[in-house]
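For reference, the structure is listed below as structure tokens.
The values are calculated or read from the model by the stated rules, or taken from the named source; none is laboratory data. Keep in mind that what you see is a predicted model, and the values were worked out from it rather than measured. Note: ideal-geometry Cβ built from the backbone for every residue, glycine included; neighbour counts use all protein chains shown.
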Amino acid sequence: MPTKTNHGNLEILRHSTAHVLATAVLEMFPEAKFGIGPAIENGFYYDFELPRTLIPEDLAILEEKMRAIIKTNYPFERAEISVEEARKDFEKLGQDYKLELIEDIAKNQLTNKQFNHLTIYKSGPFVDLCSGPHLESTGEINYKALKLTKISGAYWRGDEKNKQLQRIYGVAFETKKELDEYLKMLEEAEKRDHRKLGQELELFMFSEEIGKGLPLWLPKGAFIRKKLEDYMYELERQNGYNFVYTPVLANEKLYNKSGHLAHYKEDMYNPIDIEGEKYYLKPMNCPHHHIIYKNKMMSYRDLPVRFSDFSPLHRFERSGVLTGLIRARCFSQNDSHIYCAQEQIKDELKNILDLFKKVYADFNIKNYWFRLSLPDFNNTEKFGDIENKEIWKKSAEFARQALIESKEKFIEAEGEAAFYGPKIDVQIKNVHGKEDTIATMQVDFYMPERFNLEFINSEGKKERPVIIHKAIMGSFDRFFAFLVEQTAGAFPVWLSPVQAVIIPISEEKFGKYANFVETRLIASDIRATVDNSKESLGKRIREAEKQKIPYILVVGEKEEKENTVAIRQRGKEGEQETLKIKEFIEKIKKEIHEKK
């Protein structure tokens, strides 16, 4: 009987299970070469070079072998050996990837003048280069609470220039109940996957002919996307934002000045040579807006200046991390920059927090929280060139006080700041149970210095403004993907491309009346269509339900005679009510107005 591990040991449990997987793979493929096998959220993975490509059926075979290894109750035996011994042992085993890791460890130890040794763990026939820790034995793993979930490709050490290995993912929990709950959540998440629903509901697509990570918006998806943009345009315009358009590329001088080439070059596309000068596809709007701000000298009376921009952006996301609209190479942000005086920062941040709450209430987004993302000055790669740490602390304190005075609950996270300033991020759990950032705002003292931004203060002297970066919806593309998954494609009526479909029982007999109903609805600004296909009534109703259309209006002899429609409302399957056309129009228009 496996012993119960406490929550703090879950990572150890999962890492130990990764070793059990490697032991099973060694038994199935004695010539296997082993990469790495860490614990990850909810489970583990291990990378292998194998003599053949794995197929899904192999997972069940490996699971059975893992159960047998667990029952055998091999101890996890730790040993310290010299680097030279490790070289000899793993060379004898033919484990090239482990030898590469040994050399890296040896170099690191030499640099840091550490004792020249490393640790290995043995569990049955499998020996691994590993710092641990592990469980006492394989028998402590509950074999009923683990499952191998998928196979994928993974470049050795995440570098596309290296050999591609085969990665096996698995999940492991303390109890079978926890595993069952997790698998049920995965099943529901798969149904809600925006990539799957995007295809089924004809919202967007990708094409190899266009290129990886470059979405094509189909009419229905484009309609919803435009509604999101229109919604934010009106809301921001009412709150003092001025809209601008900026070009899709810019001279490299701009990105040298902004610091993006120093901090962000790996995520930008290679430059384009234009008449002997280098131009880059725009990864973000900020530097363009700073140039617009500099177009004329601002007075304190002009501040705050608020610019919004929905222009397309391009970022070089590696093919391995592309995830539909969530991680794409071309997207548009709901992007704004506010230029204000220091004494205006807190009020601006509080106003933005109010906008966040308004938007999320209208879209029925709940259970989100705020995160104050701070720098980690020990991370010299990201924050190493920051000279004035006091300005960063000041920025963070403005953001902290705005959250406190707005009575918002928030957490603080060191190391999550942008390279130019602390952030307030909006966090939420996605359908996979993982934490996502869906929106952000940043306080920035850094860019005004780099761009020499100024305004004339009340004393007639030049003063630096502060910039607040804001994206309430993040990117429209990602927010759209989030909405698809949260609603499972059943968009609220006000957002639905088709709000009502009219289905005549017989096209020949009642088609004319169906068209009359459609005309009445369209005249009332309701998005309606008639399904006059030759399919059976039942099949047409099922297709409308499959397309998640909010209202299905069935019309026949009785409805024509009484000037009514028989209503089937999404989410109320099996229920039907009959209303006069005018009554239905009033009902749906109220729902649209209230954004239910």
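When I386, I391, I345 are screened for being more than 22 Å from the chain's Cα centre (by Cα), part of a helix (DSSP H, G or I) and at pLDDT below 90, only I391 passes. In this structure, is L54 assigned to a helix (DSSP H, G or I) and in the same structural domain as D96 (by TED's automatic domain parsing)? No; evaluated as a whole, the condition is false for this residue. Every test in (1) of a type in the set (V, I, T); (2) touching a Leu at 6+ places or on another chain (Cβ under 7 Å); (3) modelled with pLDDT of 95 or more is passed by I70 save one, and that test is (2). Taken together, P56, P51, P30, P38 contain a single residue that is free of Cβ contacts under 8 Å to residues at least 12 places away in the same chain and closer than 18 Å to L165 by Cβ, which is P30.
Kindly indicate whether any position in the range 85-98 is without any contact (Cβ under 8 Å) to a residue 40 or more places away in the chain, of a type outside the set (F, W, Y), surrounded by 15 or more Cβ atoms within 10 Å (Cβ to Cβ) and closer than 21 Å to W156 by Cα. Yes, some residue in the range 85-98 is without any contact (Cβ under 8 Å) to a residue 40 or more places away in the chain, of a type outside the set (F, W, Y), surrounded by 15 or more Cβ atoms within 10 Å (Cβ to Cβ) and closer than 21 Å to W156 by Cα.
Results for (1) surrounded by 16 or more Cβ atoms within 10 Å (Cβ to Cβ); (2) touching a helix residue (DSSP H, G or I) at 6+ places or on another chain (Cβ under 9 Å); (3) in a helix (DSSP H, G or I); (4) hydrophobic (A, V, I, L, M, F, W, C), shown as yes or no for each residue.
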residue: G460; (1), (2), (3), (4): no, no, no, no
residue: K470; (1), (2), (3), (4): yes, yes, no, no
residue: F480; (1), (2), (3), (4): yes, yes, yes, yes
residue: E485; (1), (2), (3), (4): yes, yes, yes, no
residue: P492; (1), (2), (3), (4): yes, yes, no, no
residue: P497; (1), (2), (3), (4): yes, yes, no, no
residue: K512; (1), (2), (3), (4): no, yes, yes, no
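The condition of being touching a Lys or Arg at 6+ places or on another chain (Cβ under 8 Å) and exposed (fewer than 15 other Cβ atoms within 10 Å of the Cβ) holds for only one of D347, D354, D267, that being D267. Which residues, taken from the range 441-458, are over 24 Å from R400 (Cβ atoms) and part of a strand (DSSP E or B)? Passing the criteria: F455, I456. Among the residues of the range 327-359, those that are in contact with a strand residue (DSSP E or B) (Cβ under 8 Å, 6 or more places away or on another chain) and within 30 Å of M205 (Cβ to Cβ) comprise R329, C330, F331, S332, Q333, N334, D335, S336. Among the residues of the range 173-194, none qualifies, meaning not one is within 16 Å of L59 (Cβ to Cβ) and among the charged types (D, E, K, R).
Among the residues making up the range 262-284, those that are over 19 Å from R327 (Cβ atoms) and either touching a residue at least 12 places away in the same chain (Cβ under 8 Å) or not aliphatic (A, V, I, L, M) (or both) are A262, H263, N270, P271, I272, D273, E275, G276, E277, K278, Y279, Y280.
Just one of the numbered conditions (1) free of Cβ contacts under 8 Å to residues at least 40 places away in the same chain; (2) closer than 28 Å to D302 by Cα is not true of G421: (1).
Yes or no: T17 of a type in the set (S, T, Y), modelled with pLDDT under 95 and in contact with a Leu (Cβ under 8 Å, 6 or more places away or on another chain)? Spelling it out, it is not the case that T17 is of a type in the set (S, T, Y), modelled with pLDDT under 95 and in contact with a Leu (Cβ under 8 Å, 6 or more places away or on another chain). The single condition among (1) under 35 Å from the mean Cα position of the chain (by Cα); (2) hydrophobic (A, V, I, L, M, F, W, C); (3) outside any helix (DSSP H, G or I) that L13 does not satisfy is (3). Is the range 314-331 home to any residue that is of a type in the set (A, V, I, L, M, F, W, C), in contact (Cβ under 8 Å) with a residue 24 or more places away in the chain, outside any loop (DSSP other than H, G, I, E, B) and within 21 Å of D444 (Cβ to Cβ)? No; the residues of the range 314-331 include none that is of a type in the set (A, V, I, L, M, F, W, C), in contact (Cβ under 8 Å) with a residue 24 or more places away in the chain, outside any loop (DSSP other than H, G, I, E, B) and within 21 Å of D444 (Cβ to Cβ).
Restricting attention to the range 394-422 and to residues that are touching a Pro at 6+ places or on another chain (Cβ under 7 Å) and either part of a helix (DSSP H, G or I) or at pLDDT below 80 (or both), the residue that is surrounded by the fewest Cβ atoms within 10 Å (Cβ to Cβ) turns out to be A396.
Among the residues making up the range 271-301, those that are assigned to a loop (DSSP other than H, G, I, E, B), over 36 Å from the mean Cα position of the chain (by Cα) and on the phi < 0 side of the Ramachandran plot are K296, M297, Y300, R301.
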